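One structure is given here, and the rest of the page talks about it.
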Amino acid sequence: MEQGNQLTAAAVRAAFAGAADFQERHIAPQGRRGFVFFLDGLTAAASIADFLLHPAVQALHGSAADMVAQCLEGAVWAAVAQPAGDLAAATDYLLSGFAVLLFEGCGRAVAFEMKSGDKRAVAPPSVEHTVKGAKDAFTEVLRVNTTLLRRHLRSEKLQLREVIVGKTSRTRVSVAWLQGAADETVAEQMLRRLETVETDSFITPAAVEEAVSGARWSAFPLLRFTERADRFAQAMAAGKVGLLVDGLPLGYLAPVALGDFLASPEDEGVDFVTASCIRVLRYAAALLSLILPALYAAMATFHQEMIPTKLLHAIIESKAQVPFPTALEVLGLLIAFEILQEAGVHLPQSLGQAVSIIGGLVVGSAAVEARLISPAALIVVAVAGVAGYVIPGRELANALRVWRFLLAGAACAAGLFGLSVAFLALLLHLGGLNTFGLGYLRPFDRGTTGGSILRRRTVLPPHTSQGGSA
């Protein structure tokens, strides 16, 4: 054992020197001096008194080594008792809500689970609302989340593997999959990436997604997240591998395809015909949100002959006194729409709604009346923006917002030719993405028909990014 990692009472005190929540209690069973260390708030004081201090003083006897053995054999009434052979192990247990019992001169300790029950209660999902679905959403506590998962998947084939990630944060991460349903090579690859990631902090969604999917030059998400435990369990039953992070009220799923982000929880609560119609409408809205501003800019600037005569006359009359060209109108309105959207997101809910309404109605109407913008351009951008809200996956919607600007810029520069080139570039980009060896556009990518897509899986080395792959 290294000298700096020896387990003594003085070493434990030095490790938490200056910590206001670090607590110490002395006991002396059979005259043998012992110390109980714990962190106030992470542990329950009543549990320590009833299930550790009381039985330890009454039941333990003999040498310090004998007392440690008796603790592990059940002399102390705590449900979980684990040996701690060095300072690092004892520190990890203290930070995880355990109380550590150490006897002077022994060099070994026993950690008893005494976690506090103070945590946010399980509540309905705040973002992924549903009428017919379950109402239990993930919380910030990892063990609560795994419990919710167990309630939805009552199977012994549910596998949970935990790793510690982050040199400073020491975040517990659990990889979950259903044996026989998921391809275990995906789970193994995810575990390897988590074990080899080098980071100080692992407490933000961005850190989690970058560690699992790797660095990439793409706005499109390569991991799908959900706050609903039932949706998470359903995806795992369909062959996905899940990732739960302590401190995040989210569950991540992999591998993903573009179509996964266009599926809504409400689809599972209606009949097949209704769900299919709504799904088609959702795809159409996504395409409309992506290309409508660019298509209008291209046709109004370069290809007026493609516009019906009456509509063209209406557009010309509305633009007669507008001082700005169509390209500047469209790009300016897209920027204004994004500014209003960001303002509504970062303000309090009631104030954000007011800003969105004032910006959308009052400012837009005033700009049209002042002849600064044409009504047609305002309608086109508004329809594209509203259509983007139909997309259930917000990360996909954000990616489409980025490409909406790129397509609009290409259309303003070169008309339909520029729009076609930019759209082809988007398709090539999506075709080059893959998650854990599976194509992002599956099942439409080549070679996936007529058989299981899992047979095409190739395992990439940790943190490998091929064409923005996960």
task = Can you give me the number of residues within region 271-303 that are without any contact (Cβ under 8 Å) to a residue 12 or more places away in the chain and farther than 25 Å from residue 379 by Cβ?
result = 7
ask   = Just a yes or no: is a residue in region 8-30 over 41 Å from the mean Cα position of the chain (by Cα), of a type in the set (Gly, Ala, Ser), assigned by TED's automatic domain parsing to the domain that holds residue 109 and modelled with pLDDT under 90?
value = yes
ask   = Which condition breaks for residue 359 when tested against (1) at pLDDT 80 or above; (2) in contact with a helix residue (DSSP H, G or I) (Cβ under 8 Å, 6 or more places away or on another chain); (3) part of a helix (DSSP H, G or I)?
value = (1)
key: Scope region 5-54; condition free of Cβ contacts under 8 Å to residues at least 60 places away in the same chain, within 19 Å of residue 108 (Cα to Cα) and part of a helix (DSSP H, G or I); matching residues   = 10, 13, 14, 29, 30, 31, 53
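How many residues does region 1-59 hold that are in contact with a His (Cβ under 9 Å, 6 or more places away or on another chain) and among the basic types (Lys, Arg)?
2
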query = What number goes with the only condition from (1) of a type in the set (A, V, I, L, M); (2) part of a loop (DSSP other than H, G, I, E, B); (3) over 17 Å from the mean Cα position of the chain (by Cα) that residue 248 does not pass?
reply = (3)
message = Taking the condition of being in a helix (DSSP H, G or I), acidic (Asp, Glu) and under 30 Å from residue 127 (Cα atoms), how many residues in region 264-321 meet it?
response = 3
request  = Residue by residue through region 57-74, note down the ones that are under 13 Å from residue 34 (Cβ atoms) and under 43 Å from the mean Cα position of the chain (by Cα).
outcome  = 68, 71
inquiry  = So residue 417 passes all but one of these: (1) modelled with pLDDT of 55 or more; (2) in a loop (DSSP other than H, G, I, E, B). Which condition number does it fail?
reply    = (2)
ask   = Pick from 19, 10: which is hydrophobic (A, V, I, L, M, F, W, C) and under 17 Å from residue 116 (Cβ atoms)?
value = 19
ask   = If a residue has to be surrounded by fewer than 18 Cβ atoms within 10 Å (Cβ to Cβ) and over 30 Å from residue 42 (Cβ atoms) to count, how many in region 243-259 make the cut?
value = 1
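What helices (runs of 4 or more DSSP H), lying completely within region 170-242, carry at least 2 residues that are among the polar types (S, T, N, Q) and surrounded by 16 or more Cβ atoms within 10 Å (Cβ to Cβ)?
none
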task = For region 153-166, state whether one or more residues are in contact (Cβ under 8 Å) with a residue 60 or more places away in the chain and not aliphatic (A, V, I, L, M).
result = no
ask   = Which pairs do you get when a residue that is touching a residue at least 12 places away in the same chain (Cβ under 8 Å), found in region 209-228, comes within reach of a residue that is in a loop (DSSP other than H, G, I, E, B) and charged (D, E, K, R), reach meaning Cβ atoms under 8 angstrom, with the pair 6+ apart or on two chains?
value = 222/216; 226/128; 227/128; 228/128; 228/136
task = Please identify the pairs in which a residue from region 400-429 that is on the phi > 0 side of the Ramachandran plot has its Cβ atom under 7 Å from the Cβ atom of a residue that is outside any helix (DSSP H, G or I), counting only partners at least 6 apart or on another chain.
result = 415/302; 415/303
message = With the requirement that a residue be part of a loop (DSSP other than H, G, I, E, B) and crowded, with 17+ Cβ neighbours inside 10 Å, what does region 109-127 give you?
response = 114, 125
key: Residues of region 251-263 satisfying the condition of being farther than 20 Å from residue 125 by Cβ and under 17 Å from the mean Cα position of the chain (by Cα)   = 254, 255, 257, 258
request  = Scan region 151-169 for residues that are under 26 Å from residue 92 (Cα atoms) and either outside any loop (DSSP other than H, G, I, E, B) or small (Gly, Ala, Ser) (or both) and jot them down.
outcome  = 159, 160, 161, 162, 163, 164, 165, 166, 169
inquiry  = So for region 95-116 (the condition being modelled with pLDDT under 90 and more than 22 Å from residue 72 (Cβ to Cβ)), does at least one residue qualify?
reply    = yes
request  = Quick one: which residue in 99, 78 is closer than 17 Å to residue 115 by Cα, in contact (Cβ under 8 Å) with a residue 12 or more places away in the chain, in contact with a helix residue (DSSP H, G or I) (Cβ under 7 Å, 6 or more places away or on another chain) and in a strand (DSSP E or B)?
outcome  = 99
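The values are calculated or read from the model by the stated rules, or taken from the named source; none is laboratory data. A quick note: this is a predicted structure, and the numbers were derived from the prediction, not measured. As a convention, Cβ positions derive from the backbone with ideal geometry for all residues, glycine included, and neighbour counts pool all protein chains shown.
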